[in-house]
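We did not get these values from a lab; they are worked out from the coordinates using the rules stated. Bear in mind the structure is a predicted one, so any value in this text is a computation, not a measurement. Virtual Cβ from ideal backbone geometry, glycine too; neighbours counted across all protein chains shown.
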Amino acid sequence: MASSDFDGILLGMGNPLLDVSAVVDQEFLDKYDIKLNNAILAEDKHLPMYDEMSEKFTVEYIAGGATQNSIKVAQWMLQIPGATSYMGSIGKDKYGEAMKKDATAAGVNIHYHEDESAGTGTCGVCVVGGERSLIANLSAANCYKVEHLKKPENWALVEKAKFYYIAGFFLTVSPESIQLVREHAAANNKVFTMNLSAPFICEFFKDVQVKCLPYMDYVFGNETEARTFSRVHGWETDDVEQIAIKISQLPKATGTYKRTTVITQGADPVVVAEDGKVKKYPVILLPKEKLVDTNGAGDAFVGGFLSQLVHGKAIEECVRAGCYASNVVIQRSGCTYPEKPDFN
């Protein structure tokens with residue numbers, strides 16, 4: 001394929017959040033009732049923590065949000081300017097400006113909705129011993145409306161793309177937008193992919209998630225999300241391989257592609273289910289002393305995976321690229337990476 005064939009080939013939609021990232025202590029986690037390896041939406045009790053983080057700890061500000069992370073990593077792996085596009089809602093403020101600058105520098109074609117009424121969303125990333133917990137204050141990210149998607153210059157991105165990726169978090173914001181995109185994908189034999197994203201999505205947004213499932217050609221998630229999904233659906237199994245198979249066999253809206261389930265398990269092998277069978281792929285093991293933080297590891301895996309999927313590569317190559325990208329990211333603070341990938 002010529003590089004012009006990749007123009008806008010991958011479109012992501014999600015909640016753009018500025019990561020406010022710091023190594024904190026157990027006392028801080030206890031104070032705000034935060035559990036490691038979790039992702040939640042901020043409640044009122046969490047709102048003071050963002051300021052307290054910057055007062056007490058060394059804070060880094062990194063453009064994030066699950067889908068945006070994956071799209072940036074895919075763009076980095078592809079090294080073809082404009083191969084990826086992204087939509088979401090930010091505020092008209094300095095955080096929003098920082099986000100625009102960062103995503104544009106990464107080579108992503110961004111079409112943000114800029115909200116007048118709310119500040120750019122933030123995500124508290126609390127790191128202890130390399131493990132992370134995410135507390136998202138959506139703010140402006142919560143203000144995305146389907147009207148923005150329907151504008152001709154934005155819908156053009158949907159029509160141009162051949163692959164779509166949306167993290168489950170966006171189900172809490174604009175299910176109508178997701179519906180338009182998934183129906184377009186199904187009608188035009190394009191590839192629609194989503195992520196389970198967090199236990200609370202599987203649990204409290206089950207109904208909107210279930211409506212999307214028939215359209216998902218690839219379902220991503222980690223072992224905790226998979227087990228929550230299984231429990232919520234009454235499957236009575238904690239076996240990640242069995243759960244992956246069952247998800248892949250749920251009904252599909254279109255017969256063009258079979259569904260593939262891809263479940264990551266931290267340092268344990270990646271589980272891939274398709275055609276009623278499971279394959280496991282080992283990850284690149286990292287000595288504990290090289291682990292900086294796990295924030296963005298799953299997002300980076302998806303970005304690496306998608307970078308090869310759009311090339312039409314076999315599933316093992318997609319997984320290998322995913323493992324490479326997440327291995328790079330966990331050795332750095334936040335979802336960041338060197339200038340050029342070293343993947344061949």
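Sort 161-171, 91-101, 62-72 by the packing proxy (mean of other Cβ within 10 Å over each peptide's residues), most packed first.
Result, highest mean first: 62-72, 161-171, 91-101.
Counting only Cα atoms, I'd like the Rg/Rh figure for segment 217-257, Kirkwood definition for Rh.
0.99
In Å, the Kirkwood hydrodynamic radius of segment 137-241 over pairs of distinct alpha carbons?
Mean inverse Cα-Cα distance, inverted, gives 14.6 Å.
Can you give the log10 of the normalised intensity I(q)/I(0) at q = 0.12, 0.13 Å⁻¹, computed with Debye over equal Cα scatterers of segment 108-191?
Evaluating at q = 0.12, 0.13 Å⁻¹ gives log10 I(q)/I(0) of -0.46, -0.53.
Using only Cα atoms, locate the centre of segment 159-187 and the centre of segment 268-298, then give the distance between them in Å, rounded to an integer.
Taking the Cα centre of each part, segment 159-187 and segment 268-298 sit 26 Å apart.
If each DSSP helix of 4+ residues adds -39,500 (n - 2.57) and the sum is divided by the residues in the chain, what number results at 222 nm, nearest 500 deg cm²/dmol?
It lands at -10500 deg cm²/dmol.
Checking the cross-link filter: which aspartates and glutamates have an alpha carbon closer than 13 Å to that of LYS206, excluding same-chain neighbours under 8 positions apart?
GLU225
In the structure displayed, which of LYS72/LYS190; LYS92/LYS288; LYS100/LYS151; LYS151/LYS246 lie more than 31 Å apart, Cα to Cα?
Beyond 31 Å between Cα atoms: LYS92/LYS288; LYS151/LYS246.
Would you mind getting the Kirkwood hydrodynamic radius of segment 218-344 from its Cα pairs, rounded to one decimal in Å?
15.2 Å
Which order do the peptides 4-12, 30-38 come out in when sorted by mean C-beta neighbours inside 10 angstrom, highest first?
4-12, 30-38
Normalise the Debye intensity by I(0) for the chain, one equal point scatterer per Cα, no solvent, then take log10 at q = 0.09 Å⁻¹ and round to two decimals.
Debye intensities relative to I(0), on a log10 scale: -0.43.
Using every alpha carbon pair in segment 72-139, what percent of pairs falls into each 10 Å bin from 0 up to the bin containing the largest distance?
19, 39, 34, 8
In a shell of Cβ-Cβ distance under 13 Å around VAL329, excluding VAL329 itself, what net charge do Lys and Arg (+1) and Asp and Glu (-1) give?
Around VAL329, the surrounding residues sum to +1.
Straight-line reach from LYS45: which aspartates and glutamates fall under 16 Å, measuring Cα to Cα and dropping same-chain residues less than 8 apart?
Filter leaves GLU27, ASP30, ASP33.
Take the Cα gyration tensor of segment 1-155, multiply each eigenvalue by 5, square-root it, and list the three semi-axes largest first, rounded to whole angstrom.
30, 18, 12
Stokes-Einstein at 4 °C, 1.567 mPa s, Kirkwood radius from Cα pairs: D for segment 171-232 in µm² s⁻¹?
Translational diffusion coefficient: 108 µm²/s.
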